[in-house]
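Right, one structure below, let's go through it.
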Amino acid sequence: MEMENPANFSYMGRNFSDLSNGDNSSAFSECNSDRSEEFPTTSSQSRRLLIACASDNSDDMIQQLVAVLEAGSTEAQKQAAMEIRLLAKNKSENRLKIARNGAIKPLISLLSSSDLQLQEYGVTAILNLSLCDENKELIASSGAIKPLVRSLKTGTATAKENAACALLRLSQIEENKAAIGRSGAIPLLVNLLECGGFRGKKDASTALYSLCSVKENKIRAVESGIMKPLVELMADFGSNMVDKSAYVLSVLVSVPEARAALVEEGGIPVLVEIVEVGSQRQKEISVAILLKLCENSGVHRNMVVREGAIPPLVALSQSGTNRAKQKAETLTELLRQPRSGNVAARASDVSL
């Protein structure tokens with residue numbers, strides 16, 4: 001499995017290599033426990049569950065819920081999955097107890113149910129259990145990846161969002177990234193990025209950012225048409241997706257297929273506009289992408305110049321962050337001397 005780490009980038013407790021050397025912790029928010037209100041549960045019921053799970057008999061209670069998951073009626077399974085989801089929502093010790101008492105495989109089986117609500121409850125419970133690092137490997141080894149991908153395709157809107165988050169959690173184990181990609185997740189995540197609601201777009205972009213540190217997943221994403229929604233979201237400053245989309249793009253542009261698709265989808269004018277009017281972080285990541293795009297292509301350099309990039313780059317070199325200034329200066333020199341191999345070499349050093 002070939003890994004391409006994009007440059008000194010801290011995200012969700014892991015170091016990435018990215019075109020930006022900044023902190024993107026606020027660009028991406030980690031998928032936390034489910035945020036939906038799909039389970040009508042009284043506060044007294046929630047308190048009862050939490051008190052029971054804290055008692056000496058908590059393992060017995062969890063085992064009873066697991067038994068219902070395995071052999072109960074559909075309605076009883078829904079209730080059991082709901083209670084497990086609630087127990088796992090905020091307490092890491094509960095997540096460990098639930099996994100230790102054998103709930104993971106029965107929950108995975110719910111993902112194949114023809115009852116979409118039951119499937120959704122199972123996905124949501126698995127998401128909450130995956131928030132415990134000790135559970136991630138067990139969830140993956142128990143066969144959750146393909147059923148989660150299937151839920152990403154056929155589930156309710158909430159199931160799709162929570163499946164994207166669960167796959168993100170599993171992708172934090174490096175060897176799972178290729179397996180998730182090979183299971184068909186990438187085209188479905190691209191579809192969620194393009195067609196989902198705001199939460200779906202956000203969850204899809206975060207999962208794609210993680211998965212596309214693997215080269216084969218970059219290619220899958222480009223072949224799945226990711227560039228069109230990325231460019232559209234970056235062009236829409238009201239989408240609240242400019243930063244997230246730009247960071248996903250910054251991971252992808254290390255492969256030539258992505259650079260070609262970016263140009264084909266009209267990405268250069270969008271990136272130049274961001275350099276001109278975006279936030280400081282948006283300007284820095286956009287100039288880094290342009291630098292990667294231009295370092296080995298005179299055609300792309302000419303296109304960037306024709307879009308009027310030099311004036312905003314000069315302004316950024318005088319008023320941006322230290323790293324943005326360095327990138328803007330290097331790109332400006334590169335654009336002014338497109339045949340200079342030495343300048344191109346310096347551009348490569350700065351952007352990687």
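At a glance:
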read-out: Residue in the range 233-250 that is out of contact with any strand residue (DSSP E or B) (no Cβ under 8 Å at 6 or more places or on another chain), farther than 24 Å from PRO147 by Cα and acidic (Asp, Glu) present; value: yes
read-out: Among (1) assigned to a helix (DSSP H, G or I); (2) at pLDDT below 95; (3) not hydrophobic (A, V, I, L, M, F, W, C) - the single one ASN296 does not satisfy; value: (1)
read-out: Tally of residues being outside any helix (DSSP H, G or I) and of a type in the set (Ser, Thr, Tyr) across the range 239-273; value: 1
read-out: Only one of LEU271, LEU249, LEU290 that is crowded, with 19+ Cβ neighbours inside 10 Å, closer than 29 Å to LYS177 by Cβ and touching a Gly at 6+ places or on another chain (Cβ under 8 Å); value: LEU249
read-out: Residue in the range 220-237 that is assigned to a helix (DSSP H, G or I), modelled with pLDDT under 95 and surrounded by fewer than 23 Cβ atoms within 10 Å (Cβ to Cβ) present; value: yes
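Residues checked against (1) assigned to a helix (DSSP H, G or I); (2) within 21 Å of SER183 (Cα to Cα):
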site: VAL66; (1), (2): yes, no
site: LEU69; (1), (2): yes, no
site: GLU83; (1), (2): yes, no
site: GLU93; (1), (2): yes, no
site: SER112; (1), (2): no, yes
site: VAL123; (1), (2): yes, yes
site: ASN128; (1), (2): yes, no
site: GLY143; (1), (2): no, yes
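The values are calculated or read from the model by the stated rules, or taken from the named source; none is laboratory data. Every value quoted in this text rests on a predicted model; they were computed, and no experiment measured them. When we count neighbours, we look across all protein chains shown, and the Cβ atoms used for this are built from the backbone with ideal geometry, even at glycine.
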